[in-house]
Amino acid sequence: MHTVKLSTLKAGESAVIAALNAEADLYYRLAAMGFRVGKQIEIIRHARFSGPVHVRIGTTEVMLRLTEAQKIDVQVTTQ
């Protein structure tokens, strides 16, 4: 497995969160929604024109700004 930014994954791809490289406020907000190191995450879709990224983590679906998704390192899992 190799580490990439969450924002680089394509729709339908899955990964495991490797690190959250965010400032304290964003880090705690993401953690409250279930974003933790070791959790499985799946990209559902990317909005057009550098819009938000729709992800599923556990049973929760979240829309993340592209800038927020760029602060999350993930390890791509092979399917």
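The chymotrypsin sites (Phe, Trp or Tyr not before Pro) of region 19-78 that meet both conditions, a loop assignment by DSSP and at most 13 other Cβ atoms within 10 Å of the site Cβ, are 49. Counted residue by residue at 0.36 nm each, then reduced by the alpha carbon distance between them, the extension gain from residue 8 to residue 66 reaches 19.9 nm. Solvent exposure of the chain, expressed per residue, is 61 Å² of accessible area, with all protein chains present and a 1.4 angstrom probe. Once the convex hull of all Cα atoms in the chain is built, its volume per residue stands at 77 Å³. How far is the Cα center of region 28-64 from the Cα center of region 4-26, in Å? When both Cα centres are located, 8 Å separates them.
Dipole check for region 7-57: with +1 at the C-beta of Lys and Arg, -1 at the C-beta of Asp and Glu, and the Cα centre as origin, the magnitude is about 180 Debye. Qualifying trypsin sites (Lys or Arg not before Pro) in the chain, where qualification requires a DSSP coil assignment and no more than 12 other C-beta atoms within 10 Å, comprise 10, 36, 48. Of the GluC sites (Glu not before Pro) found in the chain, those in coil by DSSP whose Cβ has at most 11 other Cβ atoms within 10 Å are 23.
The values are calculated or read from the model by the stated rules, or taken from the named source; none is laboratory data. What you see is a predicted model; the values in this text were computed from it and never measured. Positions of Cβ are generated from backbone atoms using ideal geometry, with glycine treated the same way; all protein chains shown enter the neighbour counts. SASA here: full protein model, heavy atoms, side chains in, ligands and nucleic acids out. Shrake-Rupley method; radii C 1.70, N 1.55, O 1.52, S 1.80 Å.
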